[in-house]
Amino acid sequence: NQSTCCHPAENVAWWRMGARYWLEHNGLPSWVWNAGSTESGSDIYARPLFADYHGSDIYISHHTNAGGGGTANGTITFRDTQMNHPEHEAASYTLALSIQNSIVDAIRESYDGGWYDRGVGDSQGGFGEIRIPDRPACLIELAFHDNCSRDALYLVDNFFRSLSEWAVYKGICDYYG
């Protein structure tokens with residue numbers, strides 16, 4: 001509800017605040033929005049715990065990447081071999097692989113034939129978003145927002161974004177067969 005206003009200390013619409021505050025404001029139990037040992041930790045934990053609270057079938061965290069010195073490019077999708085719920089590790093790999101392949105294939109076919117496939121990575125417990133969920137989970141790093149000569153330009157292109165999101169949808173469909 002974008003008309004709900006506002007966080008009392010920040011005077012910012014609730015929907016623009018971090019997940020932690022949004023979920024607290026909407027009356028969810030504190031175990032969903034207050035699980036981390038820090039404010040930012042609680043925000044990271046809140047997202048997968050919200051998926052757990054609602055009993056979703058899968059959890060996908062969608063990001064843009066950085067850190068390649070402004071020259072790295074391409075897509076990588078992470079899974080986690082150190083999940084809090086290891087029974088989901090194999091399915092998480094299958095989900096990540098389905099989505100990664102779908103994104104790369106779609107971009108190469110319809111946008112940039114040379115799009116770099118960075119593969120499926122293992123976060124090894126490093127990303128709370130996909131370590132915590134009690135369900136198959138993956139984290140997509142779609143493109144490098146610090147590559148201003150290529151990826152960042154793609155990220156602001158409506159067709160690229162639409163194509164990428166369609167590919168995520170298709171990857172989910174492929175995962176489910």
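Just to be sure before I move on: is Y59 modelled with pLDDT of 95 or more and surrounded by 21 or more Cβ atoms within 10 Å (Cβ to Cβ) in the structure I sent? Yes, satisfied.
Hey, can you tell me all the residues within segment 41-67 that are over 17 Å from S123 (Cβ atoms) and touching a helix residue (DSSP H, G or I) at 6+ places or on another chain (Cβ under 9 Å)? Those that are over 17 Å from S123 (Cβ atoms) and touching a helix residue (DSSP H, G or I) at 6+ places or on another chain (Cβ under 9 Å): S42, D43, A46, L49, F50, D52, Y53, S56, D57.
Among the candidates G128, G121, the residue that is farther than 20 Å from C173 by Cα and either surrounded by fewer than 16 Cβ atoms within 10 Å (Cβ to Cβ) or at pLDDT below 95 (or both) is uniquely G128.
Considering only residues of segment 21-40 that are more than 17 Å from E129 (Cα to Cα), open to solvent by 50 Å² or more (accessible area, probe 1.4 Å) and not in a helix (DSSP H, G or I), which is modelled with the lowest pLDDT? Looking at the filtered set, the residue picked out is N26. When C6 is tested against the conditions (1) within 26 Å of S162 (Cβ to Cβ); (2) open to solvent by less than 70 Å² (accessible area, probe 1.4 Å), the lone failure is (1). The criterion of being at pLDDT 85 or above, over 18 Å from N84 (Cα atoms) and in contact with a Lys or Arg (Cβ under 7 Å, 6 or more places away or on another chain) does not hold for A46.
Candidates are the residues of segment 6-20 that are within 14 Å of R47 (Cα to Cα) and in a loop (DSSP other than H, G, I, E, B); the one that is nearest to the chain's Cα centre (by Cα) is G18. Note on segment 114-141: residues that are touching a helix residue (DSSP H, G or I) at 6+ places or on another chain (Cβ under 6 Å) and hydrophobic (A, V, I, L, M, F, W, C) total 6. Scanning segment 133-150 for residues that are buried (at least 24 other Cβ atoms within 10 Å of the Cβ) and over 21 Å from A167 (Cα atoms) returns a single hit, P133.
The values are calculated or read from the model by the stated rules, or taken from the named source; none is laboratory data. Remember, it's a predicted structure, so these values are computed and weren't measured experimentally. Because the Cβ atoms are built from the backbone with ideal geometry, glycine has one as well, and the counts that use them run over all protein chains shown. To get the accessible areas, we keep the full protein, side chains included, count just its heavy atoms, and leave off ligands, DNA and RNA. Shrake-Rupley method; radii C 1.70, N 1.55, O 1.52, S 1.80 Å.
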